[in-house]
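See below for the structure under consideration.
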Amino acid sequence: MGLLTQILGGLAGRALGGRDSQRGGGAGLSPVLMALLPVVLSMLQQRGQQGTGTAGGAGGIGELLGQLTQRGYGRQADSWVGTGPNEALPPEAIEEVFGQDELHRIAQQAGVGDDEARSGLSQLLPDVVDHFTPSGSLPEGGQLSASLDDYLQRLS
């Protein structure tokens, strides 16, 4: 089961008054990951709406993959899109890809520290990209936008 699926399953459990509501997270997941997920999804949605995606109109995911490739993490990014296992992204890669200012902004939006955001994003991004590329290819811009809208609504 993927991380994103676990998070959304935990949210459903909390909405139904399950044990997860007392623990503050779904399926034993870190509160940091729970805080970062809506920020990441919003970020991908906003980038996708700007229409500057690099790969077939995939918007935010295409941009993210392009940034990862430019910084030397293309192999990891390709593994997230492909149908095989996801390669890990080292936490130090996050600052290289996003820059210190953007990392700090993401951390502030999530209400976590910069180090927590760096570590959490390195765990979350592979699963988010994998989740939105289930067939091993980037989604069309409209598909991505609809999927992101759906997940953001489920998190609200």
Open item on the list: I need every pair where a residue in segment 97-119 that is touching a residue at least 12 places away in the same chain (Cβ under 8 Å) and within 15 Å of Gln67 (Cβ to Cβ) has its Cβ under 8 Å from the Cβ of a residue that is of a type in the set (Phe, Trp, Tyr) and part of a helix (DSSP H, G or I), sequence separation at least 6 or different chains.
Closed with: Ile106/Phe98
TODO: Please state which of the following conditions Glu140 fails to meet, knowing it meets all the rest: (1) under 14 Å from the mean Cα position of the chain (by Cα); (2) among the charged types (D, E, K, R); (3) more than 12 Å from Val40 (Cβ to Cβ).
DONE: (1)
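Where a number appears in this text, it was derived from the coordinates with a stated rule and is not lab data. What you are looking at is a predicted structure, and each value in this text was computed from that prediction instead of being measured. A quick note on method: Cβ atoms are made from the backbone with ideal geometry, for glycine too, and the neighbour counts reach across all protein chains shown.
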